[in-house]
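Peer 1: Got a structure here, written out as structure tokens. Questions coming.
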Amino acid sequence: MPETITAPACTTFDDWLAVSTDGFAAMNAGRDPAHLVKELVQNALDALGLGGGEIQLNCQAQDGGVRITCRDSGCGMANLADIRTVFHTSKTDSHLQRGRMGRGFKEMLCMALEATVTSGRRRIEFRMEHGRRVTRQVQLPADQATPGTLVEMQMPWDGDVIQHLVKYFQGMLVPDGVHLVVNGQRVCHRLAQDRIEASLPTELLEDGRWIRPIRKTAIELVPVREGEVPMVYELGIPVCPIEWTVGFHANVQQRVPMNPCRDAVASGYLLKLHRACLPTLLPELSEEQVRQDWVGSAAPHCDEAVQQQIIAKGFGQNIARSVPKMGARQFDEDAREIGTMIIDTRQTSGGFRQILQQHVPTTMEVVEEHNRKRVQAAAAGSFDVADVYQAQDDASARRRRLIESVGGKERVEQVMDFARWFCQKLLDGYEGSAVCSVTLAMLKDVGAIATWSSDDVLTLGIDTPWLWTDPFGEESLATLIHEAAHHLNAHHGQDFHKELEKLAGRAARIMLLHGQEVRQRWPGLSGR
Ligand SMILES: Nc1ncnc2c1ncn2[C@@H]1O[C@H](COP(=O)(O)OP(=O)(O)OP(=O)(O)O)[C@@H](O)[C@H]1O
Ligand SMILES: [Mg+2]
């Protein structure tokens, strides 16, 4: 007899997909229990909404595992059966609600040994019967109705985890109007020290797609307590360490974009948060804290004014960027000599390097500017001795007084004459050496005693008295030697110092050979 094959009867399913609870559990197996229980508290807070209310969380050792119960006085659940549906969510309308994916409750449920959710007169029970998972929904008598929602779950966790859970939830930043009790202990409200208005990415459902638009929000900076690590909070719930060196938590008042596992923020978010908080935190930071990496990374994205404050606080005011030796010129040494602090940007991290390059001059620029100012001041302010004794204006009167105070016209002219002779003698024998001319100026304002211009004009500061009262003294001769060396090598640094040593030897020789002549030509100058 041929076998008769009967076609299977038609079967219809309610939906396309079904979810394997075991598979879902495997996905969540490695997660921190606090992040799973957090999902229940998050749902409870969302259910309270802006009106506030009460949440009671209990974590107790029971039947060799841990029993978690979370009771809230919120809106309750109209259709309890929906709680089984992975990705079913009622929170698509606002970035001010914590939940969003329709996953949180199920992520914890799939790890549970059994669970019950009660809301109003409805109850849904998740049980293991004969090795199978079953779900049962029951209607309660009116006298057993539960206001809000009560979630109970038996977890296969070690009792040690309870301490960790209590610590985590005691660390919550409870929103206004919410009364949160964890294992019988109320979690106190904590005051924010600062509230920063910022624009940060958040998460929103738009046209059926999750997007991360920028939205205005507030970040509350709440001082950390002893033993706490500074954390990012999403609407009061701790998410992950904020990775900065100041003693504040940052409580963001809107949804925070998360990584796929939802146990840390999305990549790049911390940087944006640091950038938003940096201007407010800057006055609180020590010099050392300002040089920390998180500041360096955030700094290039801050306003120019903030970048300048970061540089001033972290690196100092009178600073320049090191440049390599250029031929015979060593700008770093020259800059150091005029009191500039030198920063080697090769030693700084990327973000700092970027803002230093933007705002801090190189040692070459600093030195050139310094010299330019000095020579300019010398040129602009230089005057002739004979002229000031003829002119009637106030400036000339002031100059005359200065000349008189250092010994009078004749002495000043003698000192200038000697200076010209001495410098020329120093330079004699050098190829292309010039017969310098000597002039006078007031140079104190530019921090100079004397200057030497590129066209070999020696300007002496009439406002440096010892130059005139003791022209053969060590300091005065050293000044002339120093200035003459500029003719040979118009900058400071290593090579300049070699030049100076040579000139010092030459100066000694000049005085040995010409001592007699000097005393005869300028008798009035040697008396001291
Ligand atoms: N305590 C509660 N009170 C009222 N409704 C709740 C409560 N817990 C869960 N719900 C309802 O169940 C839905 C699913 O919750 P679930 O935690 O799985 O996802 P979600 O909160 O929407 O998003 P997320 O995956 O981000 O947690 C919620 O959108 C909400 O409508
Ligand atoms: Mg949720």
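The values are calculated or read from the model by the stated rules, or taken from the named source; none is laboratory data. If you're wondering where the values come from, they're calculated on a predicted model, not measured in any experiment. Methodologically, a virtual Cβ is constructed for each residue, glycine included, from the backbone with ideal geometry; neighbour enumeration extends over all protein chains shown.
Peer 1: Given the criterion away from ligand 1 (no atom under 16 Å from the Cβ), modelled with pLDDT of 95 or more and either in the same structural domain as MET27 (by TED's automatic domain parsing) or within 21 Å of LEU50 (Cβ to Cβ) (or both), identify the matching residue among GLN137, GLN170.
Peer 2: Details: GLN137 fails: away from ligand 1 (no atom under 16 Å from the Cβ).
Within the list GLN137, GLN170, the selection yields GLN170.
Peer 1: Moving to a separate point now. If you scan region 150-200, which residues turn out to be assigned to a strand (DSSP E or B) and farther than 20 Å from ALA44 by Cα?
Peer 2: Taking region 150-200 as the starting set, the residues that turn out to be assigned to a strand (DSSP E or B) are 150-155, 178-182, 185-186, 194-200.
Across region 150-200, the qualifying residues are ASP194, ARG195, ILE196, GLU197, ALA198, SER199, LEU200.
Peer 1: What tally of residues in region 45-78 results from selecting those that are near ligand 1 (Cβ under 9 Å from one of its atoms), outside any strand (DSSP E or B) and more than 36 Å from the chain's Cα centre (by Cα)?
Peer 2: Total satisfying the criteria: 7.
Peer 1: GLY131 versus (1) at pLDDT below 95; (2) under 39 Å from the mean Cα position of the chain (by Cα): which is the lone unmet condition?
Peer 2: (2)
Peer 1: Pairs please, first residue from region 94-107 and under 17 Å from VAL256 (Cβ atoms) and at pLDDT 90 or above, second anywhere and part of a loop (DSSP other than H, G, I, E, B) and within 6 Å of ligand 1 (Cβ to nearest atom), Cβ atoms under 7 Å, 6+ apart in sequence or on different chains.
Peer 2: If the second residue must be part of a loop (DSSP other than H, G, I, E, B) and within 6 Å of ligand 1 (Cβ to nearest atom), the pairs left are GLN97/LYS91; GLY99/THR89; GLY99/LYS91; ARG100/THR89; ARG100/LYS91; MET101/THR89.
Peer 1: With respect to LEU467, is the statement that it is outside any helix (DSSP H, G or I), under 52 Å from the mean Cα position of the chain (by Cα) and closer than 20 Å to ARG399 by Cα true?
Peer 2: no
Peer 1: Against the definition (at pLDDT 95 or above, touching a Phe, Trp or Tyr at 6+ places or on another chain (Cβ under 9 Å) and farther than 20 Å from ARG353 by Cα), how does LEU235 come out, yes or no?
Peer 2: Numbers: at pLDDT 95 or above: yes; touching a Phe, Trp or Tyr at 6+ places or on another chain (Cβ under 9 Å): no; farther than 20 Å from ARG353 by Cα: yes.
When the stated conditions are applied, LEU235 does not pass them.
Peer 1: I'd like the full set of residues that are out of contact with any helix residue (DSSP H, G or I) (no Cβ under 7 Å at 6 or more places or on another chain) and modelled with pLDDT of 90 or more, limited to region 332-345. Talk me through it step by step, then tell me what you get.
Peer 2: Taking region 332-345 first, the residues out of contact with any helix residue (DSSP H, G or I) (no Cβ under 7 Å at 6 or more places or on another chain) are 336-337, 339, 341, 344.
Passing the criteria: ARG336, GLY339, MET341, ASP344.
Peer 1: Right, here's the next one. Please pick out the residue among VAL151, VAL138, VAL166, VAL161 that is within 14 Å of ligand 2 (Cβ to nearest atom) and out of contact with any Gly (no Cβ under 8 Å at 6 or more places or on another chain). Give the steps one after another, and end with the answer.
Peer 2: Details: VAL138 fails: within 14 Å of ligand 2 (Cβ to nearest atom); VAL166 fails: within 14 Å of ligand 2 (Cβ to nearest atom); VAL161 fails: within 14 Å of ligand 2 (Cβ to nearest atom).
Exactly one residue qualifies, and that residue is VAL151.
Peer 1: Could you say whether any residue in region 423-439 is crowded, with 17+ Cβ neighbours inside 10 Å and β-branched (Val, Ile, Thr)? Write out each step before concluding.
Peer 2: Let us first name the residues in region 423-439 that are crowded, with 17+ Cβ neighbours inside 10 Å, namely 423, 425-427, 436, 438-439.
The next check asks that each one be β-branched (Val, Ile, Thr); those that pass are 438-439.
So far as region 423-439 goes, yes, one or more of its residues are crowded, with 17+ Cβ neighbours inside 10 Å and β-branched (Val, Ile, Thr).
Peer 1: Something else: Which ones in region 346-373 are of a type in the set (S, T, N, Q), part of a helix (DSSP H, G or I) and either within 27 Å of the chain's Cα centre (by Cα) or modelled with pLDDT of 90 or more (or both)?
Peer 2: Going residue by residue through region 346-373, those that are of a type in the set (S, T, N, Q) are 347-349, 354, 357-358, 362-363, 371.
Within this subset, residues satisfying the condition of being part of a helix (DSSP H, G or I) are 347, 354, 357-358, 363, 371.
Across region 346-373, the qualifying residues are GLN347, GLN354, GLN357, GLN358, THR363.
Peer 1: If you go through region 437-464 one residue at a time, how many are of a type in the set (Asp, Glu), part of a loop (DSSP other than H, G, I, E, B) and in contact (Cβ under 8 Å) with a residue 60 or more places away in the chain? So that I can check it myself, show each step before the final result.
Peer 2: Let us first name the residues in region 437-464 that are of a type in the set (Asp, Glu), namely 445, 455-456, 463.
Right, trim to part of a loop (DSSP other than H, G, I, E, B) and you get 455-456, 463.
Those left that are additionally in contact (Cβ under 8 Å) with a residue 60 or more places away in the chain: 463.
So the answer is 1.
Peer 1: Could you list all residues from region 27-38 that are under 33 Å from the mean Cα position of the chain (by Cα), within 14 Å of ligand 2 (Cβ to nearest atom) and surrounded by fewer than 23 Cβ atoms within 10 Å (Cβ to Cβ)?
Peer 2: Result: HIS35, single match.
Peer 1: Now, a different point. Taking region 79-108 only, how many residues are more than 6 Å from ligand 1 (Cβ to nearest atom), part of a helix (DSSP H, G or I) and surrounded by 15 or more Cβ atoms within 10 Å (Cβ to Cβ)?
Peer 2: Number of matching residues: 4.
Peer 1: When the residues of region 39-59 are filtered to those that are surrounded by fewer than 23 Cβ atoms within 10 Å (Cβ to Cβ) and small (Gly, Ala, Ser), which remaining residue is farthest from GLU107 (Cα to Cα)?
Peer 2: GLY51
Peer 1: Counting only residues that are β-branched (Val, Ile, Thr) and outside any loop (DSSP other than H, G, I, E, B), which one in region 316-345 is surrounded by the fewest Cβ atoms within 10 Å (Cβ to Cβ)? Full working, then the answer.
Peer 2: Filtering region 316-345 for residues β-branched (Val, Ile, Thr) gives 319, 323, 338, 340, 342-343, 345.
The next check asks that each one be outside any loop (DSSP other than H, G, I, E, B); those that pass are 319, 342-343, 345.
On the way: ILE319: 19, ILE342: 17, ILE343: 21, THR345: 15.
The extreme case among them is THR345.
Peer 1: Can you tell me which condition VAL256 does not meet? The list is (1) surrounded by 16 or more Cβ atoms within 10 Å (Cβ to Cβ); (2) more than 16 Å from ligand 1 (Cβ to nearest atom), and all the others hold.
Peer 2: (2)
Peer 1: Given (1) surrounded by 15 or more Cβ atoms within 10 Å (Cβ to Cβ); (2) part of a loop (DSSP other than H, G, I, E, B); (3) acidic (Asp, Glu), identify the lone condition not met by GLU220.
Peer 2: (2)
Peer 1: Let me ask something additional. Of these, PHE331, PHE315, which one is in contact (Cβ under 8 Å) with a residue 24 or more places away in the chain and more than 27 Å from LEU282 (Cβ to Cβ)?
Peer 2: Answer to the check: PHE331.
Peer 1: Could you list, in sequence order, all residues of region 65-78 that are away from ligand 2 (no atom under 14 Å from the Cβ), crowded, with 18+ Cβ neighbours inside 10 Å and aliphatic (A, V, I, L, M)?
Peer 2: Hits for region 65-78 are VAL66, ILE68.
Peer 1: Do we find that GLN62 is in contact with a Cys (Cβ under 8 Å, 6 or more places away or on another chain) and away from ligand 2 (no atom under 16 Å from the Cβ) in this structure? Even if it seems obvious, please write down each step before you answer.
Peer 2: On the way: in contact with a Cys (Cβ under 8 Å, 6 or more places away or on another chain): no; away from ligand 2 (no atom under 16 Å from the Cβ): yes.
No, not satisfied.
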